[in-house]
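Asker: One structure, pasted below without further comment.
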Amino acid sequence: MNGFINSLTLVNLVACFIGAMVGTVVGVLPGLGPTVTMALMLPFTLKYGPATGLIMMTGVWYGAMYGGSTTSILVNIPGEAASVVTCIDGYQMSKKGRAGAALALVAIGSFIAGTLGIMGLQFFAPLLGNAALSFGPSEYLAFMILAFVLLSNLSGEFPLKGALMISLGLFVSAIGINPMDSYPRFTIGWDELMMGIDFLPIAMGFFGVSEIMNIAVEKYVPPEVKKVHLRNLFPTREEGRRSVFPILRGSILGFFVGLLPGPCTVISTFVSYSLEKRISKTPQEFGKGAVEGVVAPEAANNSAVMGAMIPLLTLGIPFAAPSAVMLAGLRMHNIEPGPTLFSTRPDIFWTFIAAMYIGNLMLLILNLPLVGLFGRIALIRPPVIIPVISLICLFGIYSVRNSIFDVWVMIISGVIGYFLRKWKFPIAPFIIGIVLGPTTENSVRQTLMLFKGNPFLIVGRPVAMTLLALAIAFIGYKLLSPFWGKKISLKGEEQG
Amino acid sequence: MGKLKKWSLETVFDFILTGLGIVIIITSLTYGLGTLRRPGPGLYPFFIGLSIAIFGMVLFISELKPRTRPPLFNRGDIKTLLFMIVAFCLWILMIPVLGYVIVTLLVTYVFCKIMMLEGLWKPISISAGTALFIYLLFDYWLYIDLPKGILG
């Protein structure tokens, strides 16, 4: 109840509103993904405190999930990677004159999924947090090894490229003075590198600047937006009936996919769409405007956002790029999420939960009447958007630490990121590697010291052993699956 | 040299990564690996360097297979990309001297022109709007200490 009282303060309500609205606009517009926008929100967390900042950043994340569907349905262009699947049947519904109904059902479905996801988070996070209190360095290490294995396999098409990107991220995090023995590493004599490279300019460069360059280079084809009037928003009884169970299935599935490392929101939409198609009595309708193919993936990506909060809040381990930005935001206030968060800072957790309920309701109320406005925003041409977004990125990253060095890092990362995207190297594993690097190194060294140099003593730690066995089993499965004639295909676009 | 000419940019990148992995391994050795009981500062980066070198090498070898690759970009794309980088660098180099307001006006205008926004008034109004937005958001609202330059 205290959470609701805290979140109903004017500042938090405004933060929630701004986050949700900005997120929706970001979801509609190409160029700035949720990760970059959330990074741009960090100066607000410095001014208004961690809870307000967290509320705003989460608002951006799930707002982007809402917004991404609007352009997918109206113009067949996903504003966000997690809305790629929605294009398939969403645009077909639009062509049949059912755009309004599709948007309304997506908004209602996303609201239900978001609410169920928050309930799941509220229920599971404290339970897992308590369980994680008994975790030692070996359990954390095993957990991170499993996360890296899954991350490299689920991000992008080439696991080897994912693994390489994680290794590069871990290397970047090792630059600077090592806090365990105060030893400077890979600083090449630069003072700026002594404190290490902050991950935010890198994230902004890889996700923001590289995307800006990509849009600038690509040929622009002006989309045609269909007008949606309020009276067209009412779905038919049949559409409503057909949407109920896909929304519920998408919500549950999305929540659990959200627990996986990698672009969980994107993966959840693909898995949810294929599940609906597989169990449908009319699979031939998929691709021709099946309402199930629109509502289920959209429900899944909203609830995946909530699922992705669990590893962050209970273990302090972000599995997705946007939650890595949240971790950075909390660390700016010396708050370390993890098992002790629920006992040391329960105010933050419960305010955050309450604000998400409110934000979700806000999005439902605002999105439907404003759908026409968001459709028009999608029409803004790159020559107008790109200069503004570029300047916002420059000032945004400068304002975090008032550092020109960070701006250089962002631009260099942007150029490298542009080429890596072209060569289909996944970006998220690199960013997560940077964030998890220090924890990984600490866990490695503490585990080795604890086991007196004998890594086989891990056999005596059942949780760590189970996690490691899972990681080994997954690698084995991936290596052997081509020989069985099966191939897992969980292709996901980069989440940004 | 003849073979090197056939390498794609991606192959060169994989080769550089393999080299980077080897450099990390060698540098880590100079930091001291320690023992498994008492790990030194070089142990952890040593294994990271090893994995970068191995993964980079495997990718490099797989990229050496002859196959048709679509061109990465055309001459026009390179020009746009280079101009964008120059505009970003201009912002960094000029902001301490000219201050954020003038630099925002100038660089936004340059970006508009790179993006082929025609006319004079549209780019000028976008530049002015962006400068106002930056002032209101970062300077007025968030109290960020932005470089004022000659206006300070």
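The values are calculated or read from the model by the stated rules, or taken from the named source; none is laboratory data. Being a predicted model, the structure only gives us computed values, none of them experimental. Neighbour counts run over all protein chains shown; Cβ positions are idealised from the backbone, glycine included.
Asker: Residue B:73 - would you say it is more than 8 Å from chain A (Cβ to nearest Cβ), aromatic (Phe, Trp, Tyr) and more than 30 Å from residue A:15 (Cβ to Cβ)?
Answerer: no
Asker: Sticking with this one: Within region B:39-69, how many residues turn out to be in contact with a helix residue (DSSP H, G or I) (Cβ under 7 Å, 6 or more places away or on another chain), part of a loop (DSSP other than H, G, I, E, B) and either more than 7 Å from chain A (Cβ to nearest Cβ) or at positive phi (or both)?
Answerer: 3
Asker: Take the conditions assigned by TED's automatic domain parsing to the domain that holds residue B:8, free of Cβ contacts under 8 Å to residues at least 40 places away in the same chain, within 25 Å of the chain's Cα centre (by Cα) and surrounded by 17 or more Cβ atoms within 10 Å (Cβ to Cβ) and apply them to residue B:39. Does it pass? First the steps, then the outcome.
Answerer: Numbers: assigned by TED's automatic domain parsing to the domain that holds residue B:8: yes; free of Cβ contacts under 8 Å to residues at least 40 places away in the same chain: yes; within 25 Å of the chain's Cα centre (by Cα): no; surrounded by 17 or more Cβ atoms within 10 Å (Cβ to Cβ): yes.
Criteria not met by residue B:39.
Asker: Pick out the one residue from A:443, A:399 that is more than 22 Å from the chain's Cα centre (by Cα) and under 18 Å from residue A:141 (Cα atoms). Spell out how you get there, then give the answer.
Answerer: Details: A:399 fails: under 18 Å from residue A:141 (Cα atoms).
A:443 is the lone residue from the list that is more than 22 Å from the chain's Cα centre (by Cα) and under 18 Å from residue A:141 (Cα atoms).
Asker: Please specify each residue of region A:122-177 satisfying the condition of being in contact (Cβ under 8 Å) with a residue 40 or more places away in the chain and β-branched (Val, Ile, Thr).
Answerer: The answer is A:145, A:149, A:166, A:172.
Asker: Quick one: would you say residue B:27 is within 29 Å of residue A:185 (Cβ to Cβ) and loosely packed, with under 12 Cβ neighbours inside 10 Å?
Answerer: Values: within 29 Å of residue A:185 (Cβ to Cβ): yes; loosely packed, with under 12 Cβ neighbours inside 10 Å: no.
No: the conditions fail for residue B:27.
Asker: I've got another one for you. What are the residues in region A:101-140 that are closer than 18 Å to residue A:446 by Cβ and surrounded by 24 or more Cβ atoms within 10 Å (Cβ to Cβ), if any? Walk me through how you get there before you give the answer.
Answerer: Keep residues of region A:101-140 that are closer than 18 Å to residue A:446 by Cβ, which gives A:132-140.
Of everything in region A:101-140, those that are closer than 18 Å to residue A:446 by Cβ and surrounded by 24 or more Cβ atoms within 10 Å (Cβ to Cβ) turn out to be A:138, A:140.
Asker: In region B:136-152, which residue that is assigned to a helix (DSSP H, G or I) and at the interface with chain A (Cβ under 10 Å from one of its Cβ atoms) is nearest to residue A:395 (Cα to Cα)? Can you show your working first?
Answerer: Within region B:136-152, the first condition is being assigned to a helix (DSSP H, G or I), and the residues that meet it are B:136-141, B:149-151.
Checking the rest, the ones that are also at the interface with chain A (Cβ under 10 Å from one of its Cβ atoms) come to B:137-139, B:141.
On the way: B:137: 10, B:138: 8, B:139: 10, B:141: 14 Å.
Checked region B:136-152; the qualifying residue nearest to residue A:395 (Cα to Cα) is B:138.
Asker: Which of the residues that make up region A:251-269 are in a helix (DSSP H, G or I) and within 15 Å of the chain's Cα centre (by Cα)?
Answerer: Across region A:251-269, the qualifying residues are A:254, A:255, A:256, A:257, A:264, A:265, A:266, A:267, A:268, A:269.
Asker: Would you check if residue B:98 is farther than 20 Å from residue A:213 by Cα and either at pLDDT 95 or above or facing chain A (nearest Cβ under 8 Å) (or both)?
Answerer: So residue B:98 does not fit the description; no.
Asker: Right, next: Looking at region A:333-346, I want the residues that are free of Cβ contacts under 8 Å to residues at least 60 places away in the same chain and have a partner that is assigned to a helix (DSSP H, G or I) with Cβ atoms under 7 Å, at least 6 apart or on another chain. Which pairs are those?
Answerer: If the second residue must be assigned to a helix (DSSP H, G or I), the pairs left are A:337/A:312; A:337/A:313; A:337/A:327; A:337/A:330.
Asker: Out of the residues in region A:202-235 that are of a type outside the set (A, V, I, L, M, F, W, C) and at pLDDT 85 or above, which is farthest from residue A:100 (Cα to Cα)? Let's see the steps before the verdict.
Answerer: Residues of region A:202-235 of a type outside the set (A, V, I, L, M, F, W, C): A:205, A:208, A:210-211, A:214, A:218-220, A:222-224, A:226-227, A:229, A:231-232, A:235.
Next cut, at pLDDT 85 or above only: A:205, A:208, A:210-211, A:214.
On the way: A:205: 36, A:208: 31, A:210: 34, A:211: 30, A:214: 31 Å.
Checked region A:202-235; the qualifying residue farthest from residue A:100 (Cα to Cα) is A:205.
Asker: Residue B:117 - would you say it is within 8 Å of chain A (Cβ to nearest Cβ), buried (at least 17 other Cβ atoms within 10 Å of the Cβ), modelled with pLDDT under 95 and assigned to a helix (DSSP H, G or I)?
Answerer: Judged against the criteria, residue B:117 is not a match.
Asker: Within 22 Å of the chain's Cα centre (by Cα) and of a type outside the set (A, V, I, L, M, F, W, C): which single residue out of A:134, A:110, A:94, A:138 fits that description?
Answerer: A:110
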